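**Q** Encoded as structure tokens, here's the structure I'll be asking about.
The values are calculated or read from the model by the stated rules, or taken from the named source; none is laboratory data. Everything numeric in this text was worked out from a predicted model, so none of it was measured. As a convention, Cβ positions derive from the backbone with ideal geometry for all residues, glycine included, and neighbour counts pool all protein chains shown. With ligands, DNA and RNA removed, areas are computed over all heavy atoms of the protein, side chains included. Shrake-Rupley method; radii C 1.70, N 1.55, O 1.52, S 1.80 Å.
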Amino acid sequence: TNPFFVEMEKGARRAEAELGIELLVKTAAQETSIEQQIGIIETLTQQKVDAIVIAPGSSIELIPILKKAQDKGIVIINIDNRLDPARSQELGLVNVPFISVDNQKGGYLSAQQISQRITQPAQVAILEGIQTAQNAKDRKNGALQSFTENKNIEVVASAPANWKIDEAYNVTQQILKQYPNLDALFCANDMMA
């Protein structure tokens, strides 16, 4: 349901055609469906695929199962959300390339679009992604950095909505009840916005 991942699959399909490989696209029902993502990796490992390219829903929880796949000779490539480097090292998941954007810079630049418009005292809230996902942490930290540079901004709330539309709606309702004079809302992804 996320346009970002729809476009990512289109790019992967182009690569499939160009490289003459067989691409299997598997997805969990939601980005927070970590157990389902673990099950998909187990199945792919049993099928003895050559490589797994993964955008992990959790930066920590998927490391053990990815280590098992790597131990079976499967190449692991990490995209979008970085696996925790310290935990990966601890469990022996090594030589895993990471491909993504600078999410902290992206959060900073996005929040600047809000910050630059605020010239008088204002209350701002942040809708965060999955709290165990490094890309969510980075986007939040980038937004906070931008907001602290504007002396008129007070960040009054920051809450996870787990990249979900319905959850963002509910969390925003709660924030607005508590802060009815909220001036701006930063959302860490397009689905929550």
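**Q** Can you give the direction-averaged projected area of the convex hull of the alpha-carbon atoms in region 67-169, in nm²?
**A** Taking a quarter of the hull surface, the average projection is 7.9 nm².
**Q** Along region 38-43, what does the Karplus equation 6.51 cos²θ - 1.76 cosθ + 1.60 (θ = phi - 60°) give for ³J(HN,Hα), rounded to whole Hz, x for Gly and Pro?
**A** 4, x, 4, 5, 4, 5
**Q** Rank ILE65, ILE21, ILE77 by accessible area, highest first, at a 1.4 Å probe radius?
**A** ILE21, ILE77, ILE65
**Q** On a 22 Å Cα-Cα criterion, which of the cross-link pairs LYS26/LYS68; LYS26/LYS164; LYS105/LYS137; LYS26/LYS72; LYS105/LYS140; LYS68/LYS164 come out too long?
**A** In this structure, LYS68/LYS164 lie more than 22 Å apart at Cα.
**Q** Continuing with this model, one more query. Tally Lys and Arg at +1 and Asp and Glu at -1 over the other residues with C-beta under 14 Å from the C-beta of ILE175: what net charge comes out?
**A** -3
**Q** For region 121-157 and region 32-79, compute the distance between their C-alpha centroids and round to whole Å.
**A** Region 121-157 and region 32-79 have Cα centres spaced 31 Å from each other.
**Q** Jot down the radius of gyration and Dmax of region 113-193, Cα atoms only, both in angstrom.
**A** 12.0, 34
**Q** Continuing with this model, one more query. Give the carbon-plus-sulfur fraction of the accessible surface of region 88-193 in %, rounded to a whole number; probe 1.4 Å, heavy atoms of protein chains only.
**A** 47 percent
**Q** In terms of solvent-accessible area of protein heavy atoms at a 1.4 angstrom probe, what is the ranking of PHE98, PHE4, PHE147, highest value first?
**A** Sorted descending by solvent-accessible area, the residues read PHE4, PHE98, PHE147.
**Q** Let me ask something else. Computed from the mean reciprocal separation of all distinct C-alpha pairs, what Kirkwood hydrodynamic radius does region 150-193 have, in Å?
**A** In region 150-193 this quantity evaluates to 11.0 Å.
**Q** Suppose a student asked you for the relative contact order of the chain, using Cα pairs under 8 Å spaced at least 6 residues apart; what percent would you report? Could the numbers behind the result be given before it?
**A** On the way: 309 pairs, mean separation 33.4, N = 193.
Answer for the chain is 17 percent.
**Q** First compute the accessible area of region 1-53 with a 1.4 Å probe, then give the percent of it belonging to carbon and sulfur atoms.
**A** Numbers: 2040 of 3890 Å².
Summing carbon and sulfur atoms, their accessible area is 53 percent of the total for region 1-53.
**Q** Something else: Probe radius 1.4 Å, ligands and nucleic acids left out: which of MET191, MET8 has the largest accessible area, and how do the rest follow?
**A** Largest accessible area first, the list is MET8, MET191.
**Q** So which trypsin sites (Lys or Arg not before Pro) in region 48-78 are both in a DSSP loop and have at most 15 other Cβ atoms within 10 Å of their Cβ?
**A** LYS48, LYS72
**Q** Using alpha-carbon pairs under 8 Å, 6+ residues apart, how would you state the relative contact order of region 27-81 in percent?
**A** 38 percent
**Q** Which whole-number percent gives the relative contact order of region 101-193, counting Cα pairs below 8 Å spaced six or more residues apart? Don't jump to the answer; show the numbers that get you there.
**A** Working: 170 pairs, mean separation 35.5, N = 93.
With pairs under 8 Å counted, the relative contact order is 38 percent.
**Q** Per DSSP helix of 4 or more residues, -39500 (n - 2.57); summed, then divided by the residues of the chain. What does that give at 222 nm, rounded to the nearest 500?
**A** -14500 deg cm²/dmol
**Q** Less than 11 Å Cβ to Cβ from ALA125, Lys/Arg counted +1 and Asp/Glu -1: what total charge do the surrounding residues give?
**A** -3
**Q** Can you list residues whose amide H is under 5 Å from ILE52's amide H, if they're 5+ apart or on another chain and H is modeled 1.01 Å from N?
**A** Distant-sequence amide H within range of ILE52: VAL75, ILE76, ILE77.
**Q** If the only charges are +1 at each Lys and Arg Cβ and -1 at each Asp and Glu Cβ, what is the size of the charge dipole of the chain around the Cα centre, to the nearest 20 debye?
**A** My answer is approximately 180 debye.
**Q** Taking the Cα atoms of the chain, what is the range of coordinates along each of the three principal axes, in descending order and whole Å?
**A** Principal extents (largest minus smallest coordinate, Cα): 58, 34, 28 Å.
**Q** Using only protein heavy atoms and a 1.4 Å probe, report how much of TYR169 is accessible, in Å² to the nearest 10.
**A** Approximately 140 Å² of TYR169 is accessible to the 1.4 Å probe.
**Q** Express the accessible area of the chain per residue in Å², computed with a 1.4 Å probe while the remaining protein chains stay in the model.
**A** Accessible area per residue, the chain: 58 Å².
**Q** Something else now. Along the charge dipole of the chain, pointing to its positive end and built from +1/-1 on Cβ of Lys, Arg, Asp and Glu, which listed residue (PHE147, ILE165, LEU44) has its Cα farthest out?
**A** Looking along the dipole axis, the top candidate is PHE147.
**Q** Can you compute the equivalent ellipsoid semi-axes for region 40-109, i.e. the square root of 5 times each eigenvalue of the Cα gyration tensor, sorted largest first and rounded to whole Å? Could you put the intermediate results ahead of the total?
**A** Working: eigenvalues 106, 32, 19 Å².
Ellipsoid half-lengths, sorted descending, are 23, 13, 10 Å.
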